[in-house]
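The structure is given below, and queries will be raised subsequently.
The values are calculated or read from the model by the stated rules, or taken from the named source; none is laboratory data. What you are looking at is a predicted structure, and each value in this text was computed from that prediction instead of being measured. So basically every Cβ, Gly included, is an ideal-geometry build from the backbone, and we count neighbours across all protein chains shown.
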Amino acid sequence: MSYVKLIAELDKTDAVTDATAYSNGGADEIAYIDWSASQEGREIDIEQLKQIARAAEVPVMACGGVKRLEDVKKMLYAGAGMVYMKHAARTDVQFVKEMSERFGREKIGVAIDLSDADVAAFAEQCEEMGAGGIWLLGFHKGMEQHVRTVMEGLTVPVMLSVETADYEEIASIIVATGVQAILYRGSERLDMMALKNVLSDRQIEVNTFESAVDFDTFKLDSNGLIPCIVQDYKTQEVLMMAYMNKESYYKTLETGRMTYYSRSRQRLWMKGEESGHFQFVKELTLDCDKDTILARVSQIGVACHTGNPTCFFTPLAKKEYDDTNPLTVFNQVYDVILDRKKNPKEGSYTNYLFDKGIDKILKKVGEESTEIVIAAKNPDPEEIKYEISDFLYHCMVLMVERGVTWEDITRELDNRH
């Protein structure tokens with residue numbers, strides 16, 4: 001790992017909102033933790049974990065309630081990128097090996113209390129069993145050398161929990177211990193980009209925005225400005241166009257929020273500073289002539305001051321064309337099916353399936369998959385097209401019934417290559 005990761009634990013009472021705020025705000029990962037699950041003999045809230053994984057745009061780690069392979073499997077399938085276990089590893093360290101061999105060591109970690117007498121030896125044993133990370137709990141001031149001693153025998157990344165919200169104190173802890181990741185568990189929500197700036201000032205390498213090209217090489221207009229086209233990083237929709245000067249450009253890199261220069265107000269303005277409709281930077285690209293910036297962003301709310309999602313909504317001229325996008329079509333059909341479930345319509349075949357229940361839906365999915373096999377034996381490709389369309393429709397009914405989205409599917413496919 002070339003930089004120190006900053007990980008934020010979510011407040012379970014508002015976890016989804018927290019996940020969005022932290023992933024947009026500069027956290028490298030987020031953590032969903034439920035220690036009481038193990039003590040109470042239950043699994044963590046899998047449905048909430050799914051919602052968190054959908055809302056987050058950074059990896060999610062989960063911990064709590066791990067007793068068997070099925071618990072780990074559910075968390076990973078719900079969207080967790082890594083699962084940490086504590087009591088299960090202490091009870092039987094071989095369990096770590098089983099989980100690592102089943103899911104891969106990069107997905108399995110072990111949490112250990114620093115107060116344990118054999119913490120160093122046990123951490124090494126867990127690594128030997130296949131743990132891809134060690135999480136040290138119970139840190140307090142004065143334990144810095146203890147942490148370093150534990151880390152001496154380890155090659156996997158070590159994560160340390162802290163509760164302090166003092167940026168300078170966090171920086172000092174990182175320097176004194178040499179850990180590769182900090183898990184913030186305090187009650188106050190931190191500005192992760194501000195924390196990263198403090199760490200950078202202390203020569204601690206963190207994952208932040210750095211310009212690959214010096215602003216002074218950009219081709220500016222007579223007022224020292226460069227136009228910036230803003231695009232939604234997921235949908236690719238063009239949202240707006242604004243201007244940046246050198247100060248606003250570097251402010252954008254510093255904060256991770258799009259900041260422009262207002263020609264009418266003659267000052268910097270951070271998008272969303274009044275409306276709350278912030279634009280969080282995902283990527284900045286310079287064009288071939290170095291006179292225009294393309295910003296791909298995560299847009300909160302709407303981009304236009306008129307209340308429209310995009311500033312480009314006034315038609316001027318148009319020629320008929322086919323702009324069919326496969327994923328857009330899938331999402332549109334999915335949304336119609338979801339609306340039928342929420343707002344039943346009399347005579348709707350979709351509502352007929354929902355009314356009949358899961359067994360009927362599964363029966364139709366099975367029938368349509370068989371139809372594909374039969375059609376594939378027919379030399380006419382048109383028949384295959386129709387049968388696959390029928391199958392995908394019924395699959396989407398099943399997805400809605402079970403709360404699975406196309407984003408869940410595409411993320412899972414993306415994780416496999």
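Please determine whether any residue of region 268-275 is touching a His at 6+ places or on another chain (Cβ under 9 Å) and of a type outside the set (Asp, Glu). Even if it seems obvious, please write down each step before you answer.
In the first step, residues of region 268-275 are kept if they are touching a His at 6+ places or on another chain (Cβ under 9 Å); the result is 271, 275.
In the following step, the residues that additionally are of a type outside the set (Asp, Glu) were identified as 271, 275.
Yes, region 268-275 contains a residue that is touching a His at 6+ places or on another chain (Cβ under 9 Å) and of a type outside the set (Asp, Glu).
Are there helices (runs of 4 or more DSSP H) fully within region 1-90 with at least 3 residues that are among the small types (Gly, Ala, Ser) and more than 11 Å from the chain's Cα centre (by Cα)? List them.
Values: elements: 15-24, 36-39, 46-55, 69-78.
Ranges flagged: 36-39.
Considering only region 381-392, I want to know if a residue exists there that is of a type in the set (A, V, I, L, M, F, W, C) and either touching a strand residue (DSSP E or B) at 6+ places or on another chain (Cβ under 9 Å) or closer than 30 Å to ALA56 by Cβ (or both).
Going residue by residue through region 381-392, those that are of a type in the set (A, V, I, L, M, F, W, C) are 384, 388, 391-392.
Then keep just the ones that are either touching a strand residue (DSSP E or B) at 6+ places or on another chain (Cβ under 9 Å) or closer than 30 Å to ALA56 by Cβ (or both); that gives 392.
Looking through region 381-392, at least one residue is of a type in the set (A, V, I, L, M, F, W, C) and either touching a strand residue (DSSP E or B) at 6+ places or on another chain (Cβ under 9 Å) or closer than 30 Å to ALA56 by Cβ (or both).
Residue-by-condition table, conditions (1) assigned to a helix (DSSP H, G or I); (2) farther than 20 Å from TYR77 by Cα; (3) among the acidic types (Asp, Glu):
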{"site": "LEU362", "(1), (2), (3)": "yes, yes, no"}
{"site": "SER369", "(1), (2), (3)": "yes, yes, no"}
{"site": "ALA375", "(1), (2), (3)": "yes, yes, no"}
{"site": "ASN378", "(1), (2), (3)": "no, yes, no"}
{"site": "LYS385", "(1), (2), (3)": "yes, yes, no"}
{"site": "VAL400", "(1), (2), (3)": "yes, no, no"}
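Residue check: is TYR32 of a type in the set (Phe, Trp, Tyr) and buried (at least 16 other Cβ atoms within 10 Å of the Cβ)? Don't jump to the end; show me each part of the working.
Numbers: of a type in the set (Phe, Trp, Tyr): yes; buried (at least 16 other Cβ atoms within 10 Å of the Cβ): yes.
The answer is yes for TYR32.
Among the strands (runs of 3 or more DSSP E) lying completely within region 267-326, list those that include at least 1 residues that are without any contact (Cβ under 8 Å) to a residue 24 or more places away in the chain.
On the way: elements: 267-270, 279-286, 293-299.
Counting at least 1 such residues, we get 267-270, 279-286.
Still on this structure, I have one more. Tally up the residues in region 83-104 that are charged (D, E, K, R) and closer than 22 Å to ASP34 by Cα, please.
Summing the residues that are charged (D, E, K, R) and closer than 22 Å to ASP34 by Cα in region 83-104 gives 3.
Can you confirm whether region 88-102 contains a residue that is surrounded by 20 or more Cβ atoms within 10 Å (Cβ to Cβ) and under 24 Å from GLY186 (Cβ atoms)?
Scanning region 88-102, I find no residue that is surrounded by 20 or more Cβ atoms within 10 Å (Cβ to Cβ) and under 24 Å from GLY186 (Cβ atoms), so the answer is no.
If ARG296 passes every condition in (1) surrounded by fewer than 16 Cβ atoms within 10 Å (Cβ to Cβ); (2) at pLDDT 95 or above but one, which one does it miss?
(1)
Okay, moving on. Show the residue pairs meeting these rules: Cβ distance below 6 Å; 6+ apart or different chains; first residue within region 196-216 and under 12 Å from GLU254 (Cα atoms); second residue in a loop (DSSP other than H, G, I, E, B) and among the β-branched types (Val, Ile, Thr).
From residues that are under 12 Å from GLU254 (Cα atoms), the pairs are LYS196/THR208.
Any idea which of LEU239, LEU286, LEU225 is over 19 Å from ALA27 (Cα atoms) and touching a Phe, Trp or Tyr at 6+ places or on another chain (Cβ under 6 Å)? Please lay out each step first, then the result.
Working: LEU239 fails: touching a Phe, Trp or Tyr at 6+ places or on another chain (Cβ under 6 Å); LEU286 fails: touching a Phe, Trp or Tyr at 6+ places or on another chain (Cβ under 6 Å).
Exactly one residue qualifies, and that residue is LEU225.
Exactly one of (1) at positive phi; (2) in contact with a Leu (Cβ under 8 Å, 6 or more places away or on another chain); (3) buried (at least 17 other Cβ atoms within 10 Å of the Cβ) is unmet by GLY64. Its number?
Result: GLY64 fails condition (2) only.
State yes or no: is GLY357 free of Cβ contacts under 8 Å to residues at least 60 places away in the same chain, surrounded by fewer than 12 Cβ atoms within 10 Å (Cβ to Cβ) and in contact with a helix residue (DSSP H, G or I) (Cβ under 9 Å, 6 or more places away or on another chain)? Give the steps one after another, and end with the answer.
Values: free of Cβ contacts under 8 Å to residues at least 60 places away in the same chain: yes; surrounded by fewer than 12 Cβ atoms within 10 Å (Cβ to Cβ): yes; in contact with a helix residue (DSSP H, G or I) (Cβ under 9 Å, 6 or more places away or on another chain): yes.
Considered against the rule, which asks whether it is free of Cβ contacts under 8 Å to residues at least 60 places away in the same chain, surrounded by fewer than 12 Cβ atoms within 10 Å (Cβ to Cβ) and in contact with a helix residue (DSSP H, G or I) (Cβ under 9 Å, 6 or more places away or on another chain), GLY357 comes out as yes.
In region 93-129, what residues are in contact with a helix residue (DSSP H, G or I) (Cβ under 7 Å, 6 or more places away or on another chain), free of Cβ contacts under 8 Å to residues at least 12 places away in the same chain and not in a helix (DSSP H, G or I)?
Listed by number, the list holds a single entry, ASP116.
Restricting region 298-319 to residues that are out of contact with any helix residue (DSSP H, G or I) (no Cβ under 9 Å at 6 or more places or on another chain) and of a type in the set (Gly, Ala, Ser), which is farthest from ALA19 (Cα to Cα)? Please lay out each step first, then the result.
The first filter runs over region 298-319 and keeps only residues out of contact with any helix residue (DSSP H, G or I) (no Cβ under 9 Å at 6 or more places or on another chain), leaving 299, 301-319.
Still in the list and also of a type in the set (Gly, Ala, Ser): 301, 303, 307, 317.
Numbers: GLY301: 16, ALA303: 22, GLY307: 25, ALA317: 42 Å.
Taking the candidates together, the pick is ALA317.
Out of the strands (runs of 3 or more DSSP E) lying entirely within region 130-247, which hold 3 or more residues that are of a type outside the set (Ser, Thr, Tyr) and closer than 30 Å to ALA303 by Cα?
Per the criteria, 226-232, 238-244.
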